[in-house]
Structure formats: C-alpha cells, structure tokens
Amino acid sequence: MSGHATNLRLKLPAICFLLQLFTIILFAVFVRYDGETSARLWHQELSHHNKSNRDNDFYFRYPSFQDVHTMIFIGFGFLMTFLKRYGFGSVAFNFLIAAFAIQWSTLIQGFFHSFHDGKIHIGIESMINADFCSGAVLISFGAVLGKTSPVQLLLMALFEVTLFGINEFVLLSVIGAKDAGGSMTIHTFGAYFGLMVSRVLYRPQLDKSRQREGSVYHSDLFAMIGTIYLWLFWPSFNSAITAHGDDQQRTVMNTYFSLAASTLATFATSALVNGEGKLDMVHIQNAALAGGVVVGTSGEMMLTPFGAMIAGFLAGLVSTLGFKFLTPILDSRLKIQDTCGVHNLHGMPGVLGALLGALVAALATQDVYGDGMADVFPLIADGSRTATYQGTCQFFALLITLGFAVVGGSLVGATLKIRSLGSPPDTQCFEDQIYWEVPEDHQGGYLTAVNSEDPERSASV
Amino acid sequence: MSGHATNLRLKLPAICFLLQLFTIILFAVFVRYDGETSARLWHQELSHHNKSNRDNDFYFRYPSFQDVHTMIFIGFGFLMTFLKRYGFGSVAFNFLIAAFAIQWSTLIQGFFHSFHDGKIHIGIESMINADFCSGAVLISFGAVLGKTSPVQLLLMALFEVTLFGINEFVLLSVIGAKDAGGSMTIHTFGAYFGLMVSRVLYRPQLDKSRQREGSVYHSDLFAMIGTIYLWLFWPSFNSAITAHGDDQQRTVMNTYFSLAASTLATFATSALVNGEGKLDMVHIQNAALAGGVVVGTSGEMMLTPFGAMIAGFLAGLVSTLGFKFLTPILDSRLKIQDTCGVHNLHGMPGVLGALLGALVAALATQDVYGDGMADVFPLIADGSRTATYQGTCQFFALLITLGFAVVGGSLVGATLKIRSLGSPPDTQCFEDQIYWEVPEDHQGGYLTAVNSEDPERSASV
Amino acid sequence: MSGHATNLRLKLPAICFLLQLFTIILFAVFVRYDGETSARLWHQELSHHNKSNRDNDFYFRYPSFQDVHTMIFIGFGFLMTFLKRYGFGSVAFNFLIAAFAIQWSTLIQGFFHSFHDGKIHIGIESMINADFCSGAVLISFGAVLGKTSPVQLLLMALFEVTLFGINEFVLLSVIGAKDAGGSMTIHTFGAYFGLMVSRVLYRPQLDKSRQREGSVYHSDLFAMIGTIYLWLFWPSFNSAITAHGDDQQRTVMNTYFSLAASTLATFATSALVNGEGKLDMVHIQNAALAGGVVVGTSGEMMLTPFGAMIAGFLAGLVSTLGFKFLTPILDSRLKIQDTCGVHNLHGMPGVLGALLGALVAALATQDVYGDGMADVFPLIADGSRTATYQGTCQFFALLITLGFAVVGGSLVGATLKIRSLGSPPDTQCFEDQIYWEVPEDHQGGYLTAVNSEDPERSASV
C-alpha cells in the first residue's frame, strides 16, 4: 500500500513535464538576451560607446559564477550524501530541484529586477542570482532531507523560489538593504522556511527510520567533498554580485579569513563538547562553514580582516554548540526534525550575519569608505540616508525575512501534506530504495534494516 | 595463458616511452610559443601596438580552459567509475590516454591550424583545442570501457586524434562550418568512432563478464562526481573558443538553460519508463548531460534561451529513451557493446545538435545578429555566402563527420584486434585486477566472480 | 593509559583557541587592506591615476587563486585519504592545519614582504602566498601522516610557517632567486622539513600498525580525486604569482606539458618495475604529479614546451623509481618513515626543479627574452647581474633551502616529542578511531585490526 503511494511513475513525469513546459512558454514570451549577451546589442555598445570586449560584465563575473555553480550542485549535493542509505537521493534530488529552481527564479527575479519594455533581460548576473535563489531552496531541502518525495520537493521549490523573489525585492529594492552574500535573503530565509516546512511535516513515528539516519565511513568522506567545495568557493559566493574592483576583492578576503577562523573554532568546540575529546564529523562538515554565512551581509563592507575573523570564530562556535545542544531540543520540544542541522549552519549564523551587517553598516563613515561609499552604500553616498538609518533598515530587513520565511514555510508545508505527493512512510525515510533502482549491495541492508533487529546488518554497506 | 597475454610489463612501457619520445622530438623541431606566450614577442606587441597585458587572450580564456580541463580529467574520468570493479581503470586509463592525446593533438591540430614559417605556434587556445580533441577520444573510450588494454587505448588515441584533426580541418577550414562546442567534431565523431571500434571488437562471449558490468552503491556516487562536473562546466566547454564578448556570454547562457531542461526531462523519462516508477542512476548520470551536447553547435548562435531549453529537453528525452530501449538492441542486433551508452549521450544528441546548428544557421538574419554577425558567421557577414548556404554546409559537415567516424573507427578497430596488445579475455572484462595491483578487499570478489556460480559474492566490494 | 594520553578534550581546544586569539590580536594591530582592497584607497587610485576596475590585480589572479585554494584543501586533503582507516584524519586535519597556516603565514609573509608604515597590507597576492605556504606544511604533513596528533600538527604548522617565511625572504629578497612555483621554497623545503620531523619522531615499533597502512578499493578512488585536482590545477599554481601577460600564459603552458609527460613516464615505469607488469595506484596517485613540481622554478622562464616535457618525463621516472626502490631504504636504513612518499613526489623532483631552474636561468639571453627579461629576471634586465650569476644564485638558494629544512625540521621534530601532545601509540597509528567519533561500520575493523590475527577482518571496511 505504502509502496503504491510512493510510486512516482506518473506523478514525477507529470510535474516535471508540466513545470518545464510552463517555464519554456514563459521564457518564450518574456525572456530575452540582455545588452551584453545579444550579438546585435553588444556590438552596438562596442561601436557607439567606445567599449571593448573586456568591459563585458561576463569577464568580471564568470569565474565567480562557476564557483557558485559548483557550490550549488557539488557543494550542497555532496554535503548531504553523509546519510548511509540516501546518497542517490541527496545528490540527485539536489540536482533536480536546483535545475528547476534556476529556471524558475530567472523568471521570478527577472520580473522584479530586469523587466523593461515587457521583457525580462538576462545575462551573467541573472544566472548568478538564479543560482543564489536555488541555494535557498537547497538549504530548506536540508531540513527535510530523506523525508520528502521529489514531487514534494519540486512543489516546494516552485513556491519557495517565488517567495524568495518577493522577499528579496522588498529587502533590496524597497528597503534598500544590502545583502550581497545573502545572510538574510538566502541563509536566514532558506533555513527558517525549511524548518517550518519540517515542523508542519512533523513525523512522530520517525524513530522507525532512525537506524538509517547516520553515516557510514565512506559516506562521511563523500560529504566532505561537499563541505570542502562549499568552504573553498564561499569567497566567490559572497563576492559574485558585489561591485567591480575593491568590492569583489574585499569581500573575497573577508570571507576567506572568516572561514579560516570558523574552522579552528569548530575543531576546538567539537573536541571540547565530546566526553572523550573526540571530534565529530557532523560538526566539521557543517559548522566550519558558518564563517561564510556570517559575513554574507557584511563581507562587502569595510569589516577589516580581524573583524571577519572574530565573526567567523563566533559563528563556528555557535554553530557547533547548536549541533550538540540545540538540535536535540528542536526535535524533542519544538517538533522540528532538522535532518542536516540547517538551523545550526544557516539559521543562527544567518541571523548573526544580518545583525553584524546592520552593525557594520551603522558604523560606516566617509572617512573609511571614501569614494567607495557609492558602491557599498549608494543611499548613504548620495545623502538620502545616514549610516545609522542604513543599519536600522538592515535590522528590519532581518525581521521581514524571518516573517516571510516562517509564514511562507508554514503555508508551503501545509500544501506538501497533500496525500498523493508520494511522501515516504515513516519506516522508509532516509532510504534510497523507495525512489531508486539500487545496486545489489544496497538492497540487502534495506530489507534487514526495516525488518530485522540486527543493527550490524543495517550498517553494512 | 590469458594471464601471460595481458601482462603489460614490456608492452605498456614500450608504447609509452616511444610515443613520448617521438612527441618530444616533434615538439623540439616544430613547436614554439605563440606571440602571446613568448616573452620577446608579447613584449614587442605591448610596446608596438599599444596593448596592455589585459588584452592577452589568456585572460579571456583561462578560466574556461580550467573548466574544460576539469571536465576531461575529473568529469570523464569519474563518470566511468560507475563500474563496480573497474574504478581504477576508468579514472586512470582516462588520465593516461588524455595526457597523451593532449600532446599529440597539439601537434596534429597545430599542423592544420597554426603552422607558419615551418613552426607550430601554440598558446591558450591550442591548449583548449587539445583538451577538446582528447574529449573525443574519451567518448570513444566509453564505448570500449572495460574491454580494452591501455596499450590498445593509446594506439586508439594515436589514430583517433589524427583523424579528428583531419575531420576538424575539413569542417572548419574547408567547408566553413561552425562548431564551437563540438556537437559534430567532438561528440558525433567520438561516439560513432568508438561505436565502430566496439563493433569490430565485438565479443560474443561477453556474458562471462556481465556480472561485473553493473555498479555498487558507492561506485554510483563516484560516478556522480563526474556527472555533476561535466554538467557544471559544460557552459565553459561550449564557450571556451567562441569569440570574445557577447559570444562567450551567450554560449554560456544557452548551455546553462539547455542543461537545466535536459535534467528535468531525464528525471521525468527515467521514472516513466520504469515499471515501478523508480529512477535509474544510469539515466541521471548520463542523459542529464545531453543538453550540453545538443547545443554544441548552436550555442554561440542567437538560439534564444527558450530555444535552448526546448533543445535540451528533447535531448534529455531522447537520450533516456535510448538507454532504455536502444542500447539493448544495439547489443543484440547490431553487435555493438556500448559500455557507457555513448550512443545515447554523445551519438544521438550530437547528431541532433548538428541538425539544430544547421537549422539555426539557416535562419540567421542581419536583423538579429547586427554587427555581431561577423563573429558568429564571418562568411555570411562578408557576403560570401547566404544563411541558407551556411545551413547547408553545416548539414554536410555532419555527413562528413559521420563518414570519417564510421570508416575511421572500423579501420582502427581492425588494427586493435592485433593479438599482442594485451586485450583482456572475455572472462575478465570490467575487472581491474588484470592490470592493477589491487587492495585486499577487492581481490576476493574477483576470484569468485570468475570461478563460482554465486552471484552475491561477485557483487561484494 | 594510552587512551588517556590521546584524549584531546582540553589540548585541542586550548591550542586552537590560543592560536586563533593570538592571530586575531596580531591582525587587529598590524593587518590592513591594501590599496586595491580598501574602498577608499582603490577609489583614490581610480580617480587619480586614470585606472579602471579592470586593472585591479584581483581580475588577473583570482581564477588562479581559486585553483590553488582547491589544490590545498581538496587536492592535498583527498590525496591522503588513500589510507583505509585514516580518511577522516587525512582530509580534516589537512583542513585544520591549512586553515590555521593561511592565517599565520599572512602575518609572517606580511612582515617580510608588505610591511609599510607599521602595517601589513594584504590583497589577492598575499592570499595566494598564504595558500602556497600552507602547501609546504601539508607536504610535511604527508611525511608524518597517521603518526601525529592534531595538536602536534598545529604546532608544526606554527613553526614551519615561520621558518618558511624566513627562508622565502632570504631566497627571493636577499639572494634575488626566482621561484614562482616553489620548487625550492615549497616542495624542497616542505619535503625535507617533514622528512626530518619524521626522522626525529621515528617509531621502531610501527610494525604494530602496518596492517592499517594500506588502502582499500574505494579509498584509492577518493585519493584519485586529490591527485587529479592537483594535476589539473598545477598550471595555476605555478603561474599564480608570475608577472601578468606572457609570463602567466607561458608558465601555464610549460606546466601543462610537463605534467602530461610525467604521466606517461609514471604509467610506463610503474608497469616496468612490477613483476607481473601490473600498475600500482600509489605511483599513479603521486608520481604523475612530479611534472608539476619539477617546473616550479623554471616554468615562468623560456623553458620551451619540449624542454618542459623532458623535465616532466624525467621527474615522473625518478619519482616512480623512488617509490619502488628508495622509500623502503629510507625506512629501513635512514629510519625515515615517509607515509605518503613525499620524498618521491616533492623532495627529489623539487631538487631537480631547483637545478633545472638554475640551468635555465644561466642560459637566459636578451635575444630570447627581449623586453620580457625585466619580468622574469629583473636583476639581469637592469644589468646588475649576469645570467650565469643568476644561475649561481639559484643554485645557492637550493642549498640554503635544504639547510633551513633539515635544521628546522630536526628542531621542530624534537619539540613535537613532548609527551603531552596527544601522539598516538604505536599500535594505533593510521587509525581514525582514536581522534574521531566513527560510524559503526568502521569500529569493528579497528578492534580486530589491533587485537586479532585475522588479516581479512582488518581489511574489511
């Protein structure tokens, strides 16, 4: 019976075909190459404005774009393969929903940010923003990993991308907040949205699948591929859409040092909170990355290298403590089952990063920024607001983001409860075999994991 | 007896040393730094032509080159590690033949494209082209994976690179066809060449090794590393040698959307054709990439984003159906044993991509391309041919490529049948142990796989 | 008792917190954004010197930086996961010590190279140099892999980074040697430093852990991820800090061909020295990379492509022979237990590379370099020394490096012998379980590996 309900033979093709067809039609009607991508327009630009190909934004941003792209598909995808029996679902559902989200967010973000003359005009920056948006969806995916069908995940992406676009528009265009690396728009939003979805989809009987919730030795190594790539390319993530020149370089540098400090804090704290002083791979895989999240807003500002280090250090500390002490409480008290601990990696460090951004913005002075003020805080530079007011706006941007995430996540979670979406039964969570043809060596473990009392067999991969 | 024949102790060193020595001599005689790589020449350029270091082509192409390089060595290499007992051979023979092919193709392509004053002049673009050519060889490798010795593979590379160079010269320089991402020169050529080699090397007794032709759980995850990297960096592949500016950016964008759409098509079709609605990793690992192949020719053209999506969607669909329905027929009827299904990933999508390129070329208008026409279709821009004629040339380029591939592959296949090249016996295909020192945990499975009737043991890794 | 000594609960947090705190304080006092990273300073530059954002060094170096970053954290990290039971320690201790080393070396190198007006000014080039320095530490780590605690490793990093900075200052600033890719400063220094540490920490009873010193099938594939990334991005490594323009392009090209040739030499030699003609993964994983090391000094020079190939070929040959014949002798005769064989990959090829650099420098002529001489050999270009003298300086730079490495490694090794640093007992080397919480599937093997006579169990992972 449950086997029938999780059969995706019609549901998954139907939703994939429909979403793709709908997207293609909307692209045909609305989406056009922008002035740097179109053969005709760019060559007009070249001849009329004395530009050279070097000035094409492509060359400023493509290396960063490819790093971000790697983070989305390799970084997030492999980070989640830590589960012993959910490697296929982790990396491949990540692949599927990101491949959809980048298309859908090109439309949504395009309507809000690059809609002129009835058309959306896209180029390298919209591709980066599309990848960013899919990052938020993948963060939410982490909270519900192993407990949702790909049909549910595609629906979640559809709604979340839309809400993401609205929230981002409010923050950046209405309030004039700065958030180049997305401490608020991506991390805080993605995390609390996902946590609310997970809350609504709470499974009281999840204990029936707990024996599959851990890792095996090699699945932890696969996860480290994801971790390290996220860590490596986070400087590109935070700097990908900042202004050219000093802004990109400074954002890279701040992120680089923040991450380094959060790594030391994570190792230190992981050993400290363990009874035998042993390190825990879950902490290393996740909390070491908190340094990237925490400077997502302030990375482009004059944070100073040592400021970045302090931020990263605190983020690594808080994140590791979260994994140790908070995750169990979220589960038992708040009924939030957070498979990947996104609250620790994206939630708390995202909120910290938003607060840090508000603080650093409020401290901005002409003396420190010089003529560079116009790139970082255009509204301060042109005299339309003070630094203090900018900081206040940053703070309210955080509150708005939390509001959108919590309300949106609750509503979307309720939608995903619809019975026919192929959700796995409580006994078959964190298990590839219900959605995948699996090799022989994976099959035995599944049956015994579900049916027998033998804990060793369930761990044999 | 068979053990003796596959002993590579003299054969492999002999061919490696000879090929490397011969290459070094030819490089010493013929190959020189080009005007942007030589200290003297570039500094002449700087002072005489008022250039800056920024104008060095290196900065336009190096990021793309590194992405292509990653695709060749990580992408192809790990994609093929899906086999449960051939991971070493997959990634390492891939490494070996690509390391040779990039050297050899620098010579062959150099003679055809950058031979002046008795010397070949090389720079960043020739490195990209050398990597491209090795890509074609690795596609062919996919068709014969697990059934050939490294000595055979090096010989195949030697001949295939040479034929590749001739075919490419005819297409690009004689006929004036466009094929920046290689739908024809790389994918169609590499696939049908490899399929013909596989046809000539047909093994009626391959059933004796079928128990090793599948995957294990973790080998499928290793393969996904290859898949995702190929997918991520395909935009760089297709754009790496297009003209600067809008051309590179547009090619990236078209490929990005084509791949996204082919991913959704692949997931949809994979579930649809499976009796229980389960997804098949073989499809995800391969068919999701067909979107990159199918815009290899047309990616630099004004394909439009939604055009790219339609192309990618169809490619993913056709490719998945190919894996499900065509591969078994190729094997049973046409006696083509295509280990990696390169016909589905590179063959059919390559042909589709060539046809699409012909169509889009035939539809080119001055109105759409403006002054950018000279970059994409120089022969249309200078009035020496019409768009329709360009399209016709593109179509004939496909036929010529198929001719070169089929005839060349047959002849090379026949050459590789020479007995003393260390080919594995039918009972030891898809098995690392005949060419590699393997760790203890790998050895047991090998013996039982060959000698016993127990299918479970053969799967134990 | 031994369990108590290796308990890191207080030691690791203490050293991490102390080092990080100390670093943050020094950064706060001394480290500032440089003129291209600071908002105020770069915008002054833009307006006063008629520059454009394009001229920011960031765009010349960031793609190379990210490749180097990948080599340090993915390349070195995964290369060392070949050990069957030390994958966590390999990739994660690599992560920890590199995260510390990049911070510490920013200070040390900053004091020597960019200290003005009482402040260290940092930008993209200092980030690359910091990564380079951590590369040297990771090479040393390879020599002591599995036999040291993370506390020891952090102390080693602290001292080694400091010595690295002094040696580099003497070579580059005092003697005027050239070493852009670090054949001397990174590879020779890192290798002989690590070998001396290993010598001082010699364990006569290491046989008690030998059963864990090998690989399993999948751990060899994880290691290949490291190998291929190191191989791919070595051209970026050697070119990352060379002069703009032809220099970066030429260094990339030389390294590319050197690596290709060393790969063929490695496969050839590996088969040749094996009794059954079988290839050895240890050789492929390591010796194929020697081509990158050997052109570390000469890569930016007018080495010619065929010169690079000859160098790479010899390096691959020597390195493979080293693994086969020299490593056992180092262990038995010289009491140097070199876990990863860094003497073969970094030591000998580094020395060869230094000698090659001296030779190519001595042969430099105005005729070949033209106005580019000023970029490669500024002291020859301005007439303050002859090419022969430059070559001589290069040679003495090698001797000085060996001196620093041997003396420094001995002293630091002696320091690391302090009892309370958590070093593993002889019976528990190459074993993750003493420092890590490990998954169930890893635990059984550990106990049996230590306690039983059954060799099969110890190999089961």
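The values are calculated or read from the model by the stated rules, or taken from the named source; none is laboratory data. Owing to the predicted nature of the structure, the values given are computational and were not obtained by experimental measurement. Virtual Cβ from ideal backbone geometry, glycine too; neighbours counted across all protein chains shown. Note: areas computed on protein heavy atoms with side chains; ligands, DNA, RNA excluded. Shrake-Rupley method; radii C 1.70, N 1.55, O 1.52, S 1.80 Å.
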On the given criteria, is B:ALA39 farther than 28 Å from C:ARG61 by Cβ, open to solvent by less than 20 Å² (accessible area, probe 1.4 Å), over 15 Å from the mean Cα position of the chain (by Cα) and facing chain C (nearest Cβ under 7 Å)?
-> no
When restricted to B:PHE100, B:PHE95, B:PHE141, the only residue free of Cβ contacts under 8 Å to residues at least 40 places away in the same chain and open to solvent by less than 10 Å² (accessible area, probe 1.4 Å) is B:PHE95
Taking C:VAL252 as the residue in question, decide whether it is in contact (Cβ under 8 Å) with a residue 60 or more places away in the chain and open to solvent by less than 10 Å² (accessible area, probe 1.4 Å).
-> no
Residue satisfying all of: in the range B:342-378; in contact (Cβ under 8 Å) with a residue 12 or more places away in the chain and among the polar types (S, T, N, Q); nearest to B:PHE313 (Cα to Cα) among these = B:ASN344
Matching residues, the range B:42-60, being outside any helix (DSSP H, G or I) and buried (at least 19 other Cβ atoms within 10 Å of the Cβ) = B:ASN56
Go through the residues of the range C:117-129 one by one and say whether even a single one is away from chain A (no Cβ under 14 Å) and either open to solvent by 10 Å² or more (accessible area, probe 1.4 Å) or touching a residue at least 40 places away in the same chain (Cβ under 8 Å) (or both).
-> yes
Kindly provide the set of residues from the range C:330-364 that are among the aliphatic types (A, V, I, L, M) and closer than 17 Å to C:VAL200 by Cα, ordered by number.
-> C:LEU330, C:LEU334, C:ILE336, C:VAL342
Take B:SER114 and decide whether it is on the phi < 0 side of the Ramachandran plot, surrounded by fewer than 24 Cβ atoms within 10 Å (Cβ to Cβ) and of a type in the set (S, T, N, Q).
-> yes
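Okay, residues lined up against (1) without any contact (Cβ under 8 Å) to a residue 40 or more places away in the chain; (2) touching a Phe, Trp or Tyr at 6+ places or on another chain (Cβ under 6 Å); (3) surrounded by fewer than 24 Cβ atoms within 10 Å (Cβ to Cβ); (4) facing chain C (nearest Cβ under 8 Å):
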{"site": "A:VAL197", "(1), (2), (3), (4)": "no, no, no, no"}
{"site": "A:LEU201", "(1), (2), (3), (4)": "no, no, yes, no"}
{"site": "A:SER209", "(1), (2), (3), (4)": "no, yes, yes, no"}
{"site": "A:ARG212", "(1), (2), (3), (4)": "no, yes, yes, no"}
{"site": "A:HIS218", "(1), (2), (3), (4)": "no, no, no, yes"}
{"site": "A:ILE228", "(1), (2), (3), (4)": "yes, yes, no, yes"}
{"site": "A:TRP234", "(1), (2), (3), (4)": "no, no, no, no"}
{"site": "A:PHE237", "(1), (2), (3), (4)": "no, no, no, no"}
{"site": "A:ALA240", "(1), (2), (3), (4)": "no, no, no, no"}
Selection from the range C:242-257 of residues that are within 7 Å of chain B (Cβ to nearest Cβ) and in contact with a Leu (Cβ under 9 Å, 6 or more places away or on another chain) | C:GLY245, C:ASP246, C:ARG250
Can you pull out the residues in the range C:349-362 that are open to solvent by less than 40 Å² (accessible area, probe 1.4 Å) and within 28 Å of C:LYS324 (Cα to Cα)?
-> C:PRO349, C:GLY350, C:VAL351, C:GLY353, C:ALA354, C:LEU356, C:GLY357
Residues being in contact (Cβ under 8 Å) with a residue 12 or more places away in the chain, assigned to a helix (DSSP H, G or I) and open to solvent by 70 Å² or more (accessible area, probe 1.4 Å): count how many of those fall in the range B:20-36.
-> 0
With the range C:363-441 as the region, which helices (runs of 4 or more DSSP H) entirely inside it contain at least 1 residues that are away from chain B (no Cβ under 14 Å) and either among the β-branched types (Val, Ile, Thr) or open to solvent by 30 Å² or more (accessible area, probe 1.4 Å) (or both)?
-> C:378-381, C:387-416
Considering the range B:266-277, residues that are open to solvent by less than 10 Å² (accessible area, probe 1.4 Å) and small (Gly, Ala, Ser), and then whichever is farthest from the other protein chains (Cβ to nearest Cβ), we arrive at B:SER270
Restricting the range A:1-18 to residues that are part of a helix (DSSP H, G or I) and within 7 Å of another protein chain (Cβ to nearest Cβ), which is surrounded by the fewest Cβ atoms within 10 Å (Cβ to Cβ)?
-> A:PHE17
Kindly list the number of the only condition in (1) closer than 30 Å to C:THR386 by Cβ; (2) surrounded by fewer than 24 Cβ atoms within 10 Å (Cβ to Cβ); (3) touching an Asp or Glu at 6+ places or on another chain (Cβ under 9 Å) that fails for C:SER173.
-> (3)
Got at least one residue in the range C:67-82 being more than 30 Å from C:HIS218 (Cα to Cα), open to solvent by less than 40 Å² (accessible area, probe 1.4 Å) and at pLDDT 95 or above?
-> no
Hey, could you check the range C:148-170 for residues that are among the hydroxyl-bearing types (Ser, Thr, Tyr) and open to solvent by less than 30 Å² (accessible area, probe 1.4 Å) and say which is nearest to C:LEU402 (Cα to Cα)?
-> C:THR148
